[in-house]
1. Checking the condition under 40 Å from the mean Cα position of the chain (by Cα) and over 26 Å from B:ALA194 (Cα atoms), which residue from B:ASP133, B:ASP138, B:ASP145 passes?
2. Does A:LYS242 count as more than 57 Å from the chain's Cα centre (by Cα), modelled with pLDDT under 90 and within 7 Å of chain B (Cβ to nearest Cβ)?
3. Considering (1) modelled with pLDDT under 90; (2) over 25 Å from B:VAL190 (Cβ atoms), say which one A:ASN87 fails and leave the rest.
4. For the list (1) open to solvent by 20 Å² or more (accessible area, probe 1.4 Å); (2) part of a loop (DSSP other than H, G, I, E, B); (3) closer than 18 Å to A:GLY176 by Cβ; (4) within 14 Å of chain B (Cβ to nearest Cβ), I need the number of the one condition that A:ASP94 fails.
5. With B:ASP255, B:ASP232 as the choices, which residue is closer than 21 Å to A:MET202 by Cβ, acidic (Asp, Glu) and either at the interface with chain A (Cβ under 10 Å from one of its Cβ atoms) or not in a helix (DSSP H, G or I) (or both)?
6. For segment B:112-127, give me each residue that is within 14 Å of another protein chain (Cβ to nearest Cβ) and charged (D, E, K, R).
7. As an exercise: evaluate A:THR45 against (1) in a strand (DSSP E or B); (2) open to solvent by 40 Å² or more (accessible area, probe 1.4 Å); (3) farther than 30 Å from A:ILE184 by Cα and give the number of the one condition it does not meet.
8. Would you be able to say whether some residue in segment A:172-185 is within 21 Å of A:LEU91 (Cβ to Cβ), open to solvent by less than 60 Å² (accessible area, probe 1.4 Å) and free of Cβ contacts under 8 Å to residues at least 40 places away in the same chain?
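The values are calculated or read from the model by the stated rules, or taken from the named source; none is laboratory data. Keep in mind that what you see is a predicted model, and the values were worked out from it rather than measured. Because the Cβ atoms are built from the backbone with ideal geometry, glycine has one as well, and the counts that use them run over all protein chains shown. Please note that ligands, DNA and RNA were not included when accessible areas were found on the heavy atoms of the full protein model with its side chains. Shrake-Rupley method; radii C 1.70, N 1.55, O 1.52, S 1.80 Å.
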Amino acid sequence: MSLARNPIAIGFAALAAVIVAAATFAIVPETKQAVILRFENPVTTINQWQPGQVIGRNTGAGLIARIPFIDKIVWVDKRVLDADLDNTLVLSTDQLRLNVDAFARFRIVDPLKAVTSTGSTSATEERVADQLRPLLGTALRNELGKVPFSSLLTPERGDVMEAIQNSLQRNARQYGVQIVDVRIKHADLPEGSPLESALQSMRTARQQEANTIRAQGQKQAQIVRAEADATAAKIYADAFSKDADFYDFYRAMQSYRRTFGADGGPAPEGSTTILMSRDNSYLKEFEGRGK
Amino acid sequence: MITLPRWFRRQSILMNETPGGPWGPGNDDDKSGPRNPWAVPPGGRKGASRPTALDEFLKRARGAGGGGPQLPPGVTARNLWLIGTGVIVALWLVFTSIHQIGPQQRGVVTYFGRYSGILDPGIRLTLPAPIVDVQKVDVEQVRNDDFPRDGGENVLTGDRNIIDLAYTVRWRVENPRDFVFEIKDPEETVRATAESAMRAVVATTTLNEAIGAGRTTIEARVTRAMQQILDDYQAGVRIQGVSIKQASAPASLVDDFNAVTAAQQEAVANLNNARSYSQQVIAHAQGEAAAFDKVYEQYRLAPEVTRRRMYYETMEAVLGRTDKVIVETPGVAPYLPLDRLRKVPDAQAQPAQQQGGQR
C-alpha cells in the first residue's frame, strides 16, 4: 500500500503543504503596507507609499514570499487615515472661548518608522492616530490662540489651517506620517454664558432692526404725505392765481355753502339763525328800483 | 450533528437532577412527588439511540458493509472522496469566479492584492479566489447624507450670529479604484468634509444672506469646496450637490425674527396708507382746480353777471336752509331774545318768515 493510496496520509501532506504555503506566501493588498520583521529585526518594507504612485501600476502590491516561520509581517494601512479631535476648548487672542472639533487626515508614508516609533506590531495606525491626537490638540490651541476670534470666521481661516497643518507636520514626522489635511469641523461657542450672550446680542440686534424698519417706514410715509400736500398746494396756486380777486369771491361762496350746509354735504352741527339788517345788500331789491 | 440527540438527552437528565429546579420540589428522589412532565422517561428518549442517516452514510463511506443494503458496484470509498472534493472545488469555483455585477455597480478586481481593473455590469468571470478578488462598489447610485443626523445644528455666521442649519449632500462614487484604495473610511471622510466646508463657507457669509437669498450661493460654494478637498484626497467621489433644507434663526430667537418681519409689513402698510392719502389729496386738488377753471372761463366772458348770479344762488341756497330775522331798526340786536328765537319750532317760524318777507 503506497502513500498515494492512503487518504489520511494524503490529507496530512496536503495540510502541511497548505500551512507552509500560507506561511511563505502573503498577499499584499493595495491598501496595506507590509513591514517584514526577521526575528523582530526589520528587514524591508513592501508596498510603501511613494508620491505619484498609480494604483495597479507601480505599487508593490501583489504576492510576496518570505521565509516561513522566521519572517513576520506587520501590516500598516496605506490609505489616508483620520485622526479626529472632538470638543477641544480653544482660547483666541481676544479671550473668547471656542469649542473646536477638528480632524487631521494623514497617511503613513514610512511604515517602518511608524512601527518602530510606536513599538507596535499590530494596529499601528490606531496607535499613530492616538499619538497624533494630542499633537493636533496642541497645534490647534497654539495656532488658534494667535488669532482673534473674528478671523476664524473669515477667509483667513485657511491660513490658520495651513499653520496648524505645518505645525502638526513637524511633530508628526517622527511617526513616519504625512499630514494630508487639517480642518476644523466645528467651531462653536461653548454652551452656557458665551452661547447665551451671543443669542442675546442677536436678539437685541433683531429688535434694533425692527425699530429701524418701523421708523424708516414712518419717515417714508411722512415724506409721501408731505409731497402730496405740496403738489396739491401747487395745483391750487396754479389754478387760483389766474384771478385772485375772483378766486376770493368764488371761494367765499363755496365756503358759505359749506358752512351753512347748503352744498348737499352733511348738515352743520349747530342750527343757524341769520339776523339781517334791512340794509343788507341781498335785501336791497326788496325796496324796489324806485327807491 | 451525530452527538446532538445524545447531548439533548444528557441535558434533560441534568435538568431533572437539579435540586430545587423550577419544575417541582428539590427532592426528586422522593418518588411520591409529582412527576416532572419534562423529565425523560426511564430508558431515554424514544429513538435516540437509533443510528441516523448520516451514520449510515459514513459507515458506507468507510466501506463497512453494515446491516444496510450494499452500495452499487464501482462506487468505492475512494471515489466518494473524489466526488466530495470535486463538489467542493466546483462550488469554490462557482462562488469565487463568477461575479454578478448589478447595473449600478462596478467590480474592483485585485489580482493577488494588486489592482488590475474594473468589471462592468453583467455576469463576469475571473480566476478564483484567492488569486482574484472582486469588490463590488455602487457607482451610479447617488448617496444622500443628511446633516446633522438629527434636528438642526448651530453654525456661526461671519457676523457672529448663530443659525440653525440642516442640509443634505448628494454624492456618488466616480472612481471606484480611488474610492476603494485611497481612503480608509470614504463615507466618513465625505461627512467630515461636508461639515468642515459648510462651516467654512457659512463663516464667511452674513446672517441675512444665510437665511435669505444667499442659500444658492452657499450651496454652490460648499459643493465646490468639498469637491476640491476630496480631489486633494483622491477620494474618487463626485459631489452631485448640496442642498440646504433649513437655514433659520435659532428656535429661541424666532419671536424676535418674526418681530422684524412684522415691522417690515407695518412699514409697508404705513407707506401704502401714505400713498393712498397722496392720491386722494392730489385728485381732490385737481378736481377743485378744474372746477374753478371751468367757472372762471364763464366768469371771464361776463364777469359782473356771473358774479351776481353766483352771489344770489349762494344766498338762496344758504338762506333757504336757515332761520332768518330781519331787523328794521339798527341797534336792536342786543335786546332780541336770541336764545328764545332759537327754540322756535320750524313750523311756526315759517309764517313769521313770510310776514317778514311781505313787509
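1. Working: B:ASP138 fails: over 26 Å from B:ALA194 (Cα atoms); B:ASP145 fails: over 26 Å from B:ALA194 (Cα atoms).
Step by step, each of B:ASP133, B:ASP138, B:ASP145 is checked, and only B:ASP133 is under 40 Å from the mean Cα position of the chain (by Cα) and over 26 Å from B:ALA194 (Cα atoms).
2. Judged against the criteria, A:LYS242 is a match.
3. That leaves (2) as the condition not met.
4. All conditions are met except number (3).
5. Step by step, each of B:ASP255, B:ASP232 is checked, and only B:ASP255 is closer than 21 Å to A:MET202 by Cβ, acidic (Asp, Glu) and either at the interface with chain A (Cβ under 10 Å from one of its Cβ atoms) or not in a helix (DSSP H, G or I) (or both).
6. Residue satisfying the conditions is B:ARG114 alone.
7. The number of the failed condition is (2).
8. no
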